[in-house]
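Trainee: Below is the structure I would like to discuss, written out as structure tokens.
The values are calculated or read from the model by the stated rules, or taken from the named source; none is laboratory data. None of the values given here were measured: they were computed from a predicted structure. Here Cβ is always computed from backbone atoms with ideal geometry, including for glycine, and neighbour counts include all displayed protein chains. With ligands, DNA and RNA removed, areas are computed over all heavy atoms of the protein, side chains included. Shrake-Rupley method; radii C 1.70, N 1.55, O 1.52, S 1.80 Å.
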Amino acid sequence: MNYHRIALSAALLASTGLVPVSAAWAQEGDTASTQTDDIIVVRYQFVPDDKRVTSEVSSFLNVDDIITTGDSDIASALGRVTGLSVADGRFVIVRGLNERYSNTLINGSPLASPEPLRRAVPLDLFPTGLISNILVQKTYSPRFPGEFGGGLVEIETSALPNEGFLGLSFSSAANTETTFNEGIVHRGGSYDWTGFSDSTRDWPSEFVDILESENIGPAFQDPTVLANIGRNLANSPLTVLQIENEVEPDFGFGASLGERFEFDGFSLGVLAAVGFDNSWDTRRGVRRTTRTVGAAGSQTIEVRNDSERFTTSNTVESNGMFNVGLEFDQHEIQALALVLRSTDKRTTSIDGFNADRDQRTREDTTGWFERQVYTYQLAGDHTFEIGDGLNLEWRASTSDASRNAPNQREAVYLFEEGAGFRNLPGLDGNGITFSRVDDVTDEYGFDVSLPVNLFGLDWEWSAGYSDMSKERTASARNFGFVVTGSAPSDLFFQRIDFIYADPNILSTRFSLQESGGVLTPEAYRGQLDVEGAYIATDVELTPFLRAAFGGRWESGQQVVDTFSLPQLDPSDVGDREGFIDEDYFLPAVTLTWTFADNMQARFGYSQTITRPQFRELGPTTFFNTETDERFRGNPFLVNTEITNLDARFEWYFGRDQFFTIGAFYKDLDKPIVEYLEPEGESLATSFINAPAASLLGFEVEFERTFDFADRFSDSDFLGDFWDNAEFFIKANYTYTQSEMEAGDGDVVLRPVFSGGTISDTPASDAASGFIRDGEPLQGQSEHLANIQIGWEDTNSGARTALLFNYTGERTRALQNLAVPVPEVVEEIPMMVDLVHSRSFELADGGAYDLRFAIRNLFDERYEAYQESGGQQVIVDDYDIGTTFSISLSRSF
């Protein structure tokens, strides 16, 4: 909804000239020019519109960029932008600051997140087919929310069509590590392939009232009812692991439809799109935990658990969008409904030595993870004949996200020589978990802008207001079967569904028992209310110098309450464990100096903040199924305050051709970082405010197009090819260095737990016991690089590109110096992809688009390691495999 703002800004820029050039040269470009006698004066000849109308340092992705890379989701596409990398395949890291320091908007409105351990929005949920443009802004402007660390991602959905169309698409893919190879699966429900589960994983419907009102055993009074609950929980479909000899290929399809209706005085546009994708992923590799032993200066790593992991996941994604818009005169109103859904059916077996039990063990788990986001937005864009044109943009949105993981199963086995695997009796040997996250974000706001001429200068004044409320409730209930009588010893060597079969669930053998809430509450409720207002201006001080400055006032209140289940109404749960109430004034200044033809420099200063995520404030324990780690929050965390400095040189020497180089510096007061602590023989992660940190870096971009028609078109070698071929190279590199401070006298605050409750007074520990002075921030890679080399046939639209993506190693979890546990460092595989696409027509008159891609050409693998005393131990690794994909779409 920024089109009128862009037009007004472009008009502001199209003023006096900079350098004299010939008339012929001036007519070749889309320029802002004035003519006096025989001199044409040109400015911004090749500067793209999106760069011309913004004062801030930013990057843009459009449909054409995505066609080149062939990326199917926004997270993958953003991983190729200068200064950006992707964590866990779905979270964007901007300029070395992990996902907590990024913010995501859709058409100006915030989104809810279905992630249980993060407030950040997982961008893998967004298919690229639904978007028209992505803005990545790296310097702050006051019209955006104050939570701005590394940068902001704003997604613009596809615009309303100018004419009617119908599009259909189909895709398929195969991976060398997964497709037609052996996988590990469980049966699950009858409709799992659709991404929607049947009642198999549900809590038995006839006992829902008991679940919502009582704790299940051991104080449960009626043993007959307790036995019936246990018998009615799904058994064999969720507990028995099976080997799938040949995993099937991936497939997907989509459809889009648009129409525009013209009436007397107004027009109505409609756009609808749906998509479906079913994919598989098998990972085999090691899973280890370690501990550092020995005196300081001579420490070595001791491997505690050493296992082989075998995981197969079936991911089903579906999405839908409906957009209707009304246009009349200089006014536009749009209503958007967007639904994104992803389910992951996962089966895992981890087999190896366990130090705590001093023997070989096997842990089998099954899970079903539903993530979905519903977003509804009503927005308007109006221009009024006031002054030089008053523009008003308004919006109101609600976004509802959830993550539901019902009936996750876990079974632990001990290996006995000569007898095989024996299921471990009691709660340590079996587990049933129901977990859920619900996140609702409501926001409304408006922005007004007015170009005026004051004191002989052209200004564009803008102001705005927004009110955002986010509420999240998360819970996890854990159950298992305990031995309440006597069970034959040979029973535990049988298949898991035979052990916990209906005849064995009775008061004299096995009984269901709830096991959560012993050390920490099982649920939390988080509330964040942010009210903000801003005023800013953009003024051309001279024909060579432009300034944008303003400030944002923002008031935010954040609270987290933890509570024990089965309490289902968390509105009154006693004392608030985490509470932050802060007001801020956040200034921002950017100068743009156009010192030569198509060359300019930008300089920026701003102050921003980052708030703790709900999960980080609540002292509830949650389990991360990706890394087998437990997370526990810290209610004594405070906001991080950030000072940002930027400088960038830009040279546009041709249409869509440029070279830029920039430097950036960030000073962070009390950044939030993770640290590791042992919890038995497993790892647990908690959070602290480091005293301070700084981040310094630079980034370089280069894009150039080459036309060899004049040189090779007359040659005998593919003469016609050279007439239409246009070669391109796109490259970017980012270097980032960060340091945390942990000097003498610096302390960190941690919660103290006693008897399942948390003390009102935190523990105050020396920061040097948790953070090594000078170590980098978590998630920050020193080196990021992307290269795209390819050619395009300007006549047929055929395009081929070779893509290189490199992300340097980065810290996945910080060490705990007090225990001690070394940091976990991950080595991100360098991805090399080949993508070819072309458009063509067949005899039926239909227009077709074909795309073929090979991902990970060099078959790189993922590794994470811990290191100490010159020793390095791989703690997590797996082969990614090479993926071959093809898609075909037709437009009507």
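Trainee: Mind checking which strands (runs of 3 or more DSSP E) fall wholly inside the range 162-258 and carry at least 1 residues that are open to solvent by less than 50 Å² (accessible area, probe 1.4 Å), at pLDDT 90 or above and closer than 30 Å to V482 by Cβ? Quick ask: steps written out before the conclusion?
Mentor: Details: elements: 165-175, 183-185, 242-244.
Strands (runs of 3 or more DSSP E) meeting the threshold: 183-185.
Okay, residues lined up against (1) farther than 28 Å from A766 by Cβ; (2) open to solvent by 20 Å² or more (accessible area, probe 1.4 Å):
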{"residue": "T807", "(1), (2)": "yes, no"}
{"residue": "P822", "(1), (2)": "no, no"}
{"residue": "P829", "(1), (2)": "yes, no"}
{"residue": "R838", "(1), (2)": "yes, yes"}
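Trainee: Sticking with this one: Counting only residues that are farther than 16 Å from T239 by Cβ, open to solvent by 20 Å² or more (accessible area, probe 1.4 Å), in a strand (DSSP E or B) and out of contact with any helix residue (DSSP H, G or I) (no Cβ under 7 Å at 6 or more places or on another chain), how many does the range 412-463 have?
Mentor: Summing the residues that are farther than 16 Å from T239 by Cβ, open to solvent by 20 Å² or more (accessible area, probe 1.4 Å), in a strand (DSSP E or B) and out of contact with any helix residue (DSSP H, G or I) (no Cβ under 7 Å at 6 or more places or on another chain) in the range 412-463 gives 19.
Trainee: Collect the residues in the range 464-508 that are of a type in the set (V, I, T) and under 15 Å from G230 (Cβ atoms), keeping them in residue-number order. If you could, list the steps in order and put the result at the bottom.
Mentor: Of the range 464-508, the ones of a type in the set (V, I, T) are 473, 482-484, 496, 499, 505, 508.
Within the range 464-508, V482, V483, T484, I496, I499, I505, T508 qualify.
Trainee: What's the number of the only condition in (1) modelled with pLDDT of 95 or more; (2) among the β-branched types (V, I, T); (3) more than 30 Å from S307 (Cα to Cα) that V412 fails to meet?
Mentor: All conditions pass for V412, except number (3).
Trainee: If S397 satisfies every condition in (1) touching a residue at least 12 places away in the same chain (Cβ under 8 Å); (2) open to solvent by 10 Å² or more (accessible area, probe 1.4 Å); (3) of a type outside the set (A, V, I, L, M, F, W, C); (4) at positive phi but one, which is the exception?
Mentor: (4)
Trainee: Considering each residue of the range 861-892, count those that are open to solvent by 40 Å² or more (accessible area, probe 1.4 Å) and either in contact with a Gly (Cβ under 7 Å, 6 or more places away or on another chain) or farther than 18 Å from G70 by Cβ (or both), and give that number.
Mentor: Looking only at the range 861-892, we keep the residues that are open to solvent by 40 Å² or more (accessible area, probe 1.4 Å), and these are 861, 863, 867, 869-872, 879-880, 884, 886, 888, 890-892.
Right, trim to either in contact with a Gly (Cβ under 7 Å, 6 or more places away or on another chain) or farther than 18 Å from G70 by Cβ (or both) and you get 861, 863, 867, 869-872, 879, 890-892.
Here the count works out to 11.
Quick grid of which residues meet (1) of a type outside the set (S, T, N, Q); (2) farther than 30 Å from A335 by Cβ:
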residue: S402; (1), (2): no, no
residue: A405; (1), (2): yes, yes
residue: F415; (1), (2): yes, yes
residue: G420; (1), (2): yes, yes
residue: N430; (1), (2): no, yes
residue: F434; (1), (2): yes, yes
residue: V440; (1), (2): yes, no
residue: Y444; (1), (2): yes, no
residue: S449; (1), (2): no, no
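Trainee: Condition (residue is of a type in the set (S, T, Y), closer than 23 Å to P114 by Cβ and either open to solvent by less than 20 Å² (accessible area, probe 1.4 Å) or assigned to a loop (DSSP other than H, G, I, E, B) (or both)) applied to the range 140-156: is it met by at least one residue?
Mentor: As a first pass, look at the range 140-156 and keep what is of a type in the set (S, T, Y): 140-141.
So of that shortlist, the ones also closer than 23 Å to P114 by Cβ come out as none.
Within the range 140-156 (the criterion being of a type in the set (S, T, Y), closer than 23 Å to P114 by Cβ and either open to solvent by less than 20 Å² (accessible area, probe 1.4 Å) or assigned to a loop (DSSP other than H, G, I, E, B) (or both)), the answer is no, since none of the residues qualifies.
Trainee: Tell me which residues, restricted to the range 436-458, are within 31 Å of the chain's Cα centre (by Cα) and farther than 15 Å from I535 by Cα. Full working, then the answer.
Mentor: Restricting attention to the range 436-458, the residues satisfying the condition of being within 31 Å of the chain's Cα centre (by Cα) are 436-448.
Scanning the range 436-458 gives R436, V437, D438, D439, V440, T441, D442, E443, Y444.
Trainee: Moving on. Tally up the residues in the range 307-334 that are farther than 27 Å from R371 by Cβ, in a strand (DSSP E or B) and charged (D, E, K, R), please. Quick ask: steps written out before the conclusion?
Mentor: So the first thing to find is which residues in the range 307-334 are farther than 27 Å from R371 by Cβ, and the list is 307-308, 325-333.
Now narrow it down to the ones that are in a strand (DSSP E or B): 307-308, 325-328, 331-333.
Among the residues that remain, those that are also charged (D, E, K, R) are: 308, 327, 332.
Number satisfying all stated conditions: 3.
Trainee: Sticking with this structure for a sec: Residues that are open to solvent by 30 Å² or more (accessible area, probe 1.4 Å), part of a strand (DSSP E or B) and touching a Gly at 6+ places or on another chain (Cβ under 7 Å): does the range 359-376 have at least one?
Mentor: yes
Trainee: Still on this structure, I have one more. Is there a residue being open to solvent by 30 Å² or more (accessible area, probe 1.4 Å), among the hydrophobic types (A, V, I, L, M, F, W, C) and in a loop (DSSP other than H, G, I, E, B) anywhere in the range 123-134?
Mentor: Checking the range 123-134: not a single residue is open to solvent by 30 Å² or more (accessible area, probe 1.4 Å), among the hydrophobic types (A, V, I, L, M, F, W, C) and in a loop (DSSP other than H, G, I, E, B).
Trainee: Taking A295 and the conditions (1) among the aliphatic types (A, V, I, L, M); (2) touching a residue at least 24 places away in the same chain (Cβ under 8 Å); (3) open to solvent by 40 Å² or more (accessible area, probe 1.4 Å), which numbered condition does it fall short on, given that it satisfies the others?
Mentor: (2)
Trainee: Shifting gears a bit: From the set of residues in the range 769-805 that are of a type in the set (A, V, I, L, M, F, W, C) and open to solvent by 20 Å² or more (accessible area, probe 1.4 Å), which is nearest to G743 (Cα to Cα)? Outline the logic, then answer.
Mentor: Step one: list which residues in the range 769-805 are of a type in the set (A, V, I, L, M, F, W, C), which gives 770-771, 777, 784-785, 787, 789, 791, 798, 801-804.
Add one more test, that the residue is open to solvent by 20 Å² or more (accessible area, probe 1.4 Å), and what stays is 785, 787, 789, 791, 802, 804.
On the way: A785: 33, I787: 40, I789: 47, W791: 53, L802: 47, F804: 40 Å.
This residue is A785.
Trainee: Could you look through the range 464-502, keep only residues that are in a helix (DSSP H, G or I) and open to solvent by 50 Å² or more (accessible area, probe 1.4 Å), and pick out the one that is nearest to Y444 (Cα to Cα)?
Mentor: Looking only at the range 464-502, we keep the residues that are in a helix (DSSP H, G or I), and these are 489-493, 496-499, 502.
Filter once more, so that each one left must be open to solvent by 50 Å² or more (accessible area, probe 1.4 Å): 489-490, 493, 498, 502.
Numbers: S489: 63, D490: 63, F493: 60, F498: 55, D502: 53 Å.
Filtering the range 464-502 for residues that are in a helix (DSSP H, G or I) and open to solvent by 50 Å² or more (accessible area, probe 1.4 Å), the one nearest to Y444 (Cα to Cα) comes out as D502.
Trainee: Hey, another quick one. Are there strands (runs of 3 or more DSSP E) fully within the range 788-891 with at least 1 residues that are of a type in the set (K, R), touching a strand residue (DSSP E or B) at 6+ places or on another chain (Cβ under 7 Å) and touching a residue at least 12 places away in the same chain (Cβ under 8 Å)? List them. Can you show your working first?
Mentor: On the way: elements: 799-807, 810-813, 824-827, 831-841, 847-855, 861-868, 871-879, 883-891.
Where strands (runs of 3 or more DSSP E) fall fully within the range 788-891 and carry at least 1 residues being of a type in the set (K, R), touching a strand residue (DSSP E or B) at 6+ places or on another chain (Cβ under 7 Å) and touching a residue at least 12 places away in the same chain (Cβ under 8 Å), they are 799-807, 810-813, 831-841, 847-855, 861-868, 883-891.
Trainee: Just the residues that are part of a loop (DSSP other than H, G, I, E, B) and open to solvent by less than 20 Å² (accessible area, probe 1.4 Å), please, taken from the range 503-562. If you could, list the steps in order and put the result at the bottom.
Mentor: The initial filter retains those residues of the range 503-562 that are part of a loop (DSSP other than H, G, I, E, B), namely 506-509, 515-522, 543-544.
Scanning the range 503-562 gives G516, T520, E522.
Trainee: Name the pairs: first residue in the range 697-717 and over 26 Å from I787 (Cβ atoms) and at pLDDT below 75, second residue part of a helix (DSSP H, G or I) and among the acidic types (D, E), Cβ to Cβ under 6 Å, at least 6 apart or on different chains?
Mentor: If the second residue must be part of a helix (DSSP H, G or I) and among the acidic types (D, E), the pairs left are S713/D723.
Trainee: Taking only the range 346-377 into account, find how many residues are more than 23 Å from A112 (Cα to Cα), in contact with a helix residue (DSSP H, G or I) (Cβ under 9 Å, 6 or more places away or on another chain) and basic (K, R).
Mentor: So the answer is 0.
Trainee: Of the residues that make up the range 753-768, is at least one part of a loop (DSSP other than H, G, I, E, B), closer than 15 Å to E674 by Cα and either within 29 Å of the chain's Cα centre (by Cα) or not acidic (D, E) (or both)? Spell out the reasoning first.
Mentor: Going through the range 753-768, the residues part of a loop (DSSP other than H, G, I, E, B) turn out to be 755-756, 759-762.
Among the residues that remain, those that are also closer than 15 Å to E674 by Cα are: none.
No, the conditions are met nowhere in the range 753-768.
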